[in-house]
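The values are calculated or read from the model by the stated rules, or taken from the named source; none is laboratory data. As the structure is a computational prediction, the values presented were derived from the model and not from experiment. Every residue, glycine as well, gets a Cβ built from its backbone with ideal geometry; the counts of neighbours run over all protein chains shown. Surface accessibility is based on the protein's heavy atoms, side chains included, excluding ligands, DNA and RNA. Shrake-Rupley method; radii C 1.70, N 1.55, O 1.52, S 1.80 Å.
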Amino acid sequence: MTSAVEFQAVSRHFGATKAVDAVDLTIAEGAFFAMLGPSGSGKTTCLRLISGFEKPTSGQIRIFGEDVSAVPPHLRHVNTVFQDYALFPHMNVRDNVAYGLMVKGMARTPRYAKAEDMLALVHLDGYGDRKPAQLSGGQRQRVALARALVNEPRVLLLDEPLGALDLKLREAMQDELKSLQKRLGITFVFVTHDQSEALSMADSLAVFNNGRIAQIGTPTDIYAHPKTRFVADFVGSSNVLPPALTQSLGGPTKWSSLRPEALHPAPFGPITGTVTALRYLGAGHRVTVTTQGQDIAAHLPSGTATPQVGSQMTLTFDPAALHVMDEA
Amino acid sequence: MTAPAIIPPRGLADRLTTLFWRHPRLLLSLLIAPPLLWLGVVYLGSLAALLLQSFYSIDEFSGLIVHEFTLKTYGELLRPSNADVILRTLGMAIAVTIASAFIAFPIAYFAARYAKGRWKAAFYLGIMLPLWSSYLVKVYAWKLILAKEGILTWATEATHTSWLLNAALSLPGVGGNSLSTSYIGTFLTFTYVWLPFMILPMQASLERVPNSMLEAAADLGATARQTFRTVVLPLAMPGIVAGSIFTFSLTLGDYIIPQIIGTSASFIGMAVYQLQGTAGNIPLAAAFAVVPIVIMLIYLSLAKRAGAFDAL
Amino acid sequence: MRSEASLGLKIAAIAGLLFLHLPILLIFLYAFTTEERSFTFPPPGLTTEWFAVAWNRPDIWPPLYLSLQVAALSTVLALILGTLVAAAMAGTRFFGRDQVSLLIILPIALPGVITGISMRSAFSIMDIPFSTLTIVLGHATFCIVIVYNNAVARFRRLSGGILEASADLGANSFQTFRFVLLPNLGSALLAGGMLAFALSFDEVIVTTFTAGQQSTLPIWMLEELVRPRQRPVTNVVAMVVFIATFIPILIAYYLTRGGSETAGGGK
């Protein structure tokens, strides 16, 4: 099976800035692929390299096996849901959705019929006559989705599509995007800086840092086995322990990570320190214990007794939970 | 059956789009070439022609233009009668600019800070309409106002303040027989006609001063006067400088207002017009015209340093 | 401190606005005066007869037609050139960008008399006879910046997003221009065109240098101002000219109202 998108040593430099630096990447057909990273890490530039709004400084990009170095955006069968949606303000919703079909020369009746179908798919039946300005943020986002999907793209690119929505709506849209992707079987490439979003939606993800891919794999793999300190820290607020501390906890002299959920209060244990902070999270507490000058966060499920700030506390963990990283 | 990942080009438009995408500079060059050619050839070419003429001179006996490079014509500018014209124009431009700044500030400040909704629109239109309405009609209106038998004389008589008008007219140097034949009249008309050019950039730069900044100043214990002097005025400065570019430049080059309203004394614009027309001394006219260019180039470079171009 | 302006500021602002508008109202009054030879105020009587007299004056009509013709041609040229340069300047940064923007504003930043005499010198050097074309050449040059100012502000607001969206959905550059760019740019261009028309229709300083023997309406008015023949007719023409420039300005304002780029910011 050919891969949907393939990067071979792709770089995109802006002057001295290496936005994307020698990236190798393969996205399987039908995947829900997330590109995760802080702002400026190169994930959005990678997305724009796929859509064709950026051209690689060096390296090769293939879409379904075809080299696209000479293909402009409008001839790539790839569509994008833009971060700010970029709906056409002078057209109503129906014309927005039908735009891609119109420029390809489809007659009015069939293209409006397809646009209405697509609006029904995103639960916006009956909104065709409205202007984008009359819609809420969530509705605009659905229009942007419908406008891209109506073209039946081989790859759908989503640039932080949920960033502007409030929490409740974001969670609902996450489920909806996921089921839509399953149903349509289109390859989704999704850019986000929100690690929980990436973990919950993607079936495969790449973590970006400084223009390079720090780690690529499935969400469980990346969460449980981060390869570098950066990944451990960025994906799900892990405790990152320096080599000396790792060794004192029974590991090798290497950096390691330890999830807060893996730590439990106990009468005896390898970690004893002063409680320096306590935060209520709804479903339990997060406690920060300082030992040997190092802050270690532990998750206390609700029902567990909460310690006083300033008191001493001892923590224990299953040695298997201590994840030692390759990075020196 | 799946669609191909790459759509083949369907015609010339697609091929051209591909070409533009692969060579963005090509599209840029195609866009900018016609206007650049126009401005480069028609405008800069003309300025070059003017500069060239200013280095020629006129033969005093035959009255013909001598097509030889000389600085003699520029030397003539230093003759007392010509230097007077330049100094008079400069003095007028400075006076008009300062007066405009003073009259414009309250309008701009009120429009930027206090006018809201409908009032804001009213203020904007109230400034823009006089800006764009016919220049000649505005000058003509002032001819009507300043005429000896006109509304101003009538108004001073009606309010028993004729002595004030007469005192102004009897001032040495700037007074005259009536307002429409005095420097005061010329000054008033210039100020009126160029005032909107001062208000708009001033208002624009004042609008960019966030309210929170004024509140911060007040919060830190500044009095209204201190806030104004240390916060508002420095931030409004680029706008004032931008506005002054217009009032200064427009006054320097105008030849119609002093011709219609004022004494018979000449200004740079009038000198240029008369020298190239009736006198036929194109080299001297050209040299005269270079004076405002040089003044404006110096002014613009100073203004650029003051950040005025962001307020244009 | 936003809530209320001080009394002094209010008075100064309102007095300033009155100073801007009262003189224009006076023109309207004088168009109806019965006094023929002087500018006596208050007018001894009111009449509408001067409108008929002006209408029947044969020397007014050719300048009016010429002015309309010149303004229309200059506006079309300025629209094309101004939009092109705005499109080039809005999207990209390139070497010499600052120099180009300086070149565009120069024709209005330098006094009109300089543009005028420069062009006259160039015409005489190149032996170009004065004609309607030479007037248009001058007018289009200073109208470019008007269109440019209006268009570039709108281009900036479009900010690439919807243009990229159009390409992403499969439109080529020409389709993007026609279906997305033009509809969004339209009102800004119309406003710029209106203002350019008003400016050209009213221009007198450059025109005196580039017109030769022809006269536009402002030149006709200037002659009447310098050597008055029938003052009440000049009053009537002044009022008509004022109204004729007033209308396109109002239209331009309403076309661009509400945006940060409201028309007329830079004349």
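Give the residue that is farthest from the other protein chains (Cβ to nearest Cβ), with candidates limited to residues of the range C:195-253 that are under 12 Å from the mean Cα position of the chain (by Cα) and not in a helix (DSSP H, G or I). Within the range C:195-253, the match that is farthest from the other protein chains (Cβ to nearest Cβ) is C:203. Considering the range C:37-51, and only residues there that are touching a helix residue (DSSP H, G or I) at 6+ places or on another chain (Cβ under 6 Å) and at pLDDT below 75, the residue that is farthest from residue B:142 (Cα to Cα) turns out to be C:41. Looking at the range B:153-212 only, could you name the residues that are assigned to a loop (DSSP other than H, G, I, E, B), within 18 Å of residue B:99 (Cβ to Cβ) and hydrophobic (A, V, I, L, M, F, W, C)? Passing the criteria: B:171, B:174. Number of residues in the range C:138-162 that are modelled with pLDDT under 90 and either more than 20 Å from residue C:197 (Cα to Cα) or in contact with a strand residue (DSSP E or B) (Cβ under 9 Å, 6 or more places away or on another chain) (or both) equals 7. Answer with yes or no whether residue A:152 is out of contact with any strand residue (DSSP E or B) (no Cβ under 7 Å at 6 or more places or on another chain) and open to solvent by 10 Å² or more (accessible area, probe 1.4 Å). Yes. As an exercise: evaluate residue B:19 against (1) open to solvent by 50 Å² or more (accessible area, probe 1.4 Å); (2) facing chain C (nearest Cβ under 9 Å); (3) assigned to a helix (DSSP H, G or I) and give the number of the one condition it does not meet. For residue B:19, the exception is condition (2). Applying the criterion of at least 1 residues that are within 13 Å of another protein chain (Cβ to nearest Cβ) to the strands (runs of 3 or more DSSP E) found wholly in the range A:30-139 leaves A:58-63, A:78-81. Got at least one residue in the range C:5-20 being among the polar types (S, T, N, Q), more than 8 Å from chain B (Cβ to nearest Cβ), in contact with a helix residue (DSSP H, G or I) (Cβ under 9 Å, 6 or more places away or on another chain) and closer than 30 Å to residue B:216 by Cβ? The answer is yes, given that some residue of the range C:5-20 is among the polar types (S, T, N, Q), more than 8 Å from chain B (Cβ to nearest Cβ), in contact with a helix residue (DSSP H, G or I) (Cβ under 9 Å, 6 or more places away or on another chain) and closer than 30 Å to residue B:216 by Cβ. Restricting the search to the range B:84-110, which residues are in contact with a helix residue (DSSP H, G or I) (Cβ under 7 Å, 6 or more places away or on another chain), within 25 Å of residue C:110 (Cβ to Cβ) and of a type outside the set (Val, Ile, Thr)? Scanning the range B:84-110 gives B:92, B:93, B:95, B:99, B:100, B:101, B:104, B:108. Selection of the range C:1-41 for residues being exposed (fewer than 14 other Cβ atoms within 10 Å of the Cβ) and not in a helix (DSSP H, G or I) yields C:1, C:2, C:3, C:4, C:6, C:34, C:36, C:37, C:38. For the range B:284-302, the set of residues classified as within 10 Å of another protein chain (Cβ to nearest Cβ) and surrounded by 24 or more Cβ atoms within 10 Å (Cβ to Cβ) consists of B:285, B:286, B:288, B:289, B:292, listed by residue number. Among the residues of the range A:10-56, the ones that are at positive phi and either aromatic (Phe, Trp, Tyr) or open to solvent by 50 Å² or more (accessible area, probe 1.4 Å) (or both) come to 2 in all. Take the residues in the range B:95-108 that are without any contact (Cβ under 8 Å) to a residue 24 or more places away in the chain and not aromatic (Phe, Trp, Tyr), then tell me which one is surrounded by the fewest Cβ atoms within 10 Å (Cβ to Cβ). Among those residues, the one meeting the criterion is B:98. All conditions in (1) part of a helix (DSSP H, G or I); (2) more than 8 Å from every other protein chain (Cβ to nearest Cβ) hold for residue C:130, with the sole exception of (1). Residue B:236 - would you say it is open to solvent by less than 40 Å² (accessible area, probe 1.4 Å), in contact (Cβ under 8 Å) with a residue 24 or more places away in the chain, within 11 Å of another protein chain (Cβ to nearest Cβ) and in a helix (DSSP H, G or I)? When the stated conditions are applied, residue B:236 does not pass them. Is the range C:146-168 home to any residue that is more than 18 Å from the chain's Cα centre (by Cα) and among the aromatic types (Phe, Trp, Tyr)? Yes: one or more hits.
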